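Worksheet: one structure, shown below.
The values are calculated or read from the model by the stated rules, or taken from the named source; none is laboratory data. Because the structure is predicted, anything quoted here is derived from the model rather than measured. Please note: Cβ atoms are built from the backbone with ideal geometry, for glycine as well, and neighbour counts cover all protein chains shown.
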Amino acid sequence: MSAEHGLVGPEDWLEPYERYLPDTSQDHRLAWGERVAEQLERAVGPLDALVLDVHAGAAYVESVERAVGRRGAQVVDQLKGLSFGRRLSWYLAHAARSGLTVPDVLAALQDRGSARTLDDVMASQGVGLRAPGLYSWWVDEAGASDLARGLGHPVAPGLIYAGLAGATRTGGSVSSNTLWGRIATMHLGKKHEFSTLRRSLGSVLSEASRQDAIDERQLTAWMHAHLCVVLVPVTDPGTLDQLETAVLTELDPPLNLAKVGKTPLRQELSRLRKKYASA
């Protein structure tokens, strides 16, 4: 996007110009956003249901978001709030991951040193996480003991669950879900119905403490106290489902139920989910 020309192609050559969008009036920005949206419609067709990954300063993102939002599109600003230097660092890391192979993903998900506390993830407000990707959840020794007590089977400290966010849906439609959305609003949300992991943990911990139902507030506090998560952005959402299948086959996390073999622990987990979460 160009403050002078609106939407431009990646191969277009432009004469130097002095216009800088943040220095313009609010009315000019609104008109500029409409211009970009119209140019984008001419270039790619109707914008309805499209997810646009915008990399630009706040003035550009906000101006475009208003215009395309009225046309049914959603804007994703993965780097919102990052300084220029941190943006460059993100691009370097992201470029290195653009062609991730299964061994790359496995190595990243098993890197306990890169795991983030849930307090740290929430404090980020999604900076760098508003993208599709894979994640692995890790439990500490005390948390593993709680899970083992509820399941009646040994649970070792370490990696207990893995999953994805934002995979292309069956039929080819684009998902608007991101790592940030999955972690912040689903896994750490207030309703276990919206999260497979939350449903499983809540059921097991309810059994361990002999509660009649899942206590959402206690569950969230327990997760913050005993869990951390590794987050791996992936540029191509079309590869995520296959990557997840390969990852789960190799890692075999104990609390995953799909794409893995049946074990006595998983059979008990399924029973507890029916008992406490009706799922």
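For the range 228-244, the count of residues that are surrounded by 15 or more Cβ atoms within 10 Å (Cβ to Cβ), at pLDDT 95 or above and not β-branched (Val, Ile, Thr) is nonzero.
Number of residues in the range 2-52 that are closer than 26 Å to THR168 by Cα, in a loop (DSSP other than H, G, I, E, B) and either touching a Leu at 6+ places or on another chain (Cβ under 8 Å) or touching a residue at least 24 places away in the same chain (Cβ under 8 Å) (or both) equals 5.
Contact annotation: residue pairs with Cβ atoms under 7 Å, 6 or more positions apart or on different chains, pairing a residue in the range 268-279 that is closer than 17 Å to LYS190 by Cβ with a partner that is in a loop (DSSP other than H, G, I, E, B) and small (Gly, Ala, Ser), are TYR276/ALA213.
What number of residues within the range 183-216 satisfy the criterion of being assigned to a helix (DSSP H, G or I), under 16 Å from MET122 (Cα atoms) and touching a residue at least 12 places away in the same chain (Cβ under 8 Å)?
Selection size over the range 183-216: 4.
Listed conditions (1) part of a helix (DSSP H, G or I); (2) modelled with pLDDT of 80 or more; (3) among the small types (Gly, Ala, Ser) are all met by GLY81, apart from (1). Scanning the range 200-252 for residues that are hydroxyl-bearing (Ser, Thr, Tyr) and closer than 17 Å to LEU109 by Cα yields THR235, THR239, THR245, THR249.
Residues ALA162, ALA167: which one is touching a residue at least 12 places away in the same chain (Cβ under 8 Å), crowded, with 16+ Cβ neighbours inside 10 Å and touching a strand residue (DSSP E or B) at 6+ places or on another chain (Cβ under 9 Å)?
Values: ALA167 fails: touching a strand residue (DSSP E or B) at 6+ places or on another chain (Cβ under 9 Å).
Only one candidate qualifies: ALA162.
State yes or no: is LEU255 in contact (Cβ under 8 Å) with a residue 60 or more places away in the chain, assigned to a loop (DSSP other than H, G, I, E, B) and either under 30 Å from ALA73 (Cβ atoms) or under 20 Å from the mean Cα position of the chain (by Cα) (or both)? Even if it seems obvious, please write down each step before you answer.
On the way: in contact (Cβ under 8 Å) with a residue 60 or more places away in the chain: yes; assigned to a loop (DSSP other than H, G, I, E, B): yes; either under 30 Å from ALA73 (Cβ atoms) or under 20 Å from the mean Cα position of the chain (by Cα) (or both): yes.
Yes.
Inside the range 227-252, residues that are in contact with a strand residue (DSSP E or B) (Cβ under 8 Å, 6 or more places away or on another chain) and in a loop (DSSP other than H, G, I, E, B) make up a count of 1. Across the range 148-182, the number of residues qualifying as closer than 25 Å to GLU268 by Cα and in a helix (DSSP H, G or I) comes to 4. Inside the range 125-147, residues that are surrounded by 15 or more Cβ atoms within 10 Å (Cβ to Cβ) and either assigned to a loop (DSSP other than H, G, I, E, B) or of a type in the set (A, V, I, L, M, F, W, C) (or both) make up a count of 13.
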